[in-house]
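Undergrad: Here you go, one structure.
The values are calculated or read from the model by the stated rules, or taken from the named source; none is laboratory data. These figures come from a predicted structure and were not determined experimentally. Please note: Cβ atoms are built from the backbone with ideal geometry, for glycine as well, and neighbour counts cover all protein chains shown.
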Amino acid sequence: MLSSDRRRRLERLAEIEAAAATTVLVEARGLREAVARAAEAAAAGRLPAVADLEIINRVLRRGQTHLLLTTTDAEVWSWRPATPSLDEPLWPVAPSAAELLTSDRRGRIGVGEDDECGWLYLDASRNRRRRWCSMDGCGSRNKARRYDRRRRGAGGA
């Protein structure tokens, strides 16, 4: 999301303004949790909590003041504050979450069925039957468990 130059400038700013950086970190975690709860609600067919939408909207409003239409970048929209801002990495997150939560794709948000995981994913499968956030993690682990149960069940009969 950030160029390496922009990232380095923000890292230097965070060292200088450590208290402000801590505040932004707390806000980033709060935004992450609010987006996750709103997505989980969408996955369950419920409306998100107003408090979670307020958190997303607060970042959305602040970021929108820095949104510019450009012709020089590969992307048309970009966030370009005149001076670096510690909360700059949060700005694209809120509109992405808002777009997903208000689009037809919200019905494709899923929560992994693995009790040890609970990660969210966007089900892009044709038949919408995805059950795991990743076949490399949850899916593989659960397939191995099912196989092991079947194997033990067959040997015990």
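Undergrad: Which residue pairs have Cβ atoms closer than 6 Å, lie 6 or more positions apart in sequence or on different chains, and pair a first residue in region 39-65 that is of a type outside the set (Val, Ile, Thr) with a second residue that is at pLDDT 95 or above and outside any helix (DSSP H, G or I)?
TA: ALA41/PRO48
Undergrad: Collect the residues in region 10-20 that are farther than 15 Å from TRP91 by Cα and surrounded by 15 or more Cβ atoms within 10 Å (Cβ to Cβ), keeping them in residue-number order. Please lay out each step first, then the result.
TA: Initial filter on region 10-20 (farther than 15 Å from TRP91 by Cα): 11-20.
Hits for region 10-20 are LEU13, ALA14.
Undergrad: A further question on this structure: Would you mind telling me which numbered condition in (1) in a helix (DSSP H, G or I); (2) touching a Pro at 6+ places or on another chain (Cβ under 8 Å) ALA21 fails?
TA: Among (1) in a helix (DSSP H, G or I); (2) touching a Pro at 6+ places or on another chain (Cβ under 8 Å), the lone unmet condition for ALA21 is (2).
Undergrad: In region 43-59, which residues are part of a helix (DSSP H, G or I), crowded, with 17+ Cβ neighbours inside 10 Å and at pLDDT 95 or above?
TA: Here is the first cut: in region 43-59, the ones part of a helix (DSSP H, G or I) are 43, 50-59.
Filter once more, keeping what is crowded, with 17+ Cβ neighbours inside 10 Å: 43, 52-53, 55-56, 59.
Answer for region 43-59, where residues must be part of a helix (DSSP H, G or I), crowded, with 17+ Cβ neighbours inside 10 Å and at pLDDT 95 or above: ASP52, LEU53, ILE55, ILE56, VAL59.
Undergrad: Right, here's the next one. Condition first: modelled with pLDDT of 95 or more, buried (at least 16 other Cβ atoms within 10 Å of the Cβ), more than 22 Å from THR102 (Cα to Cα) and not charged (D, E, K, R). Can you find one or more residues in region 23-32 that meet it?
TA: yes
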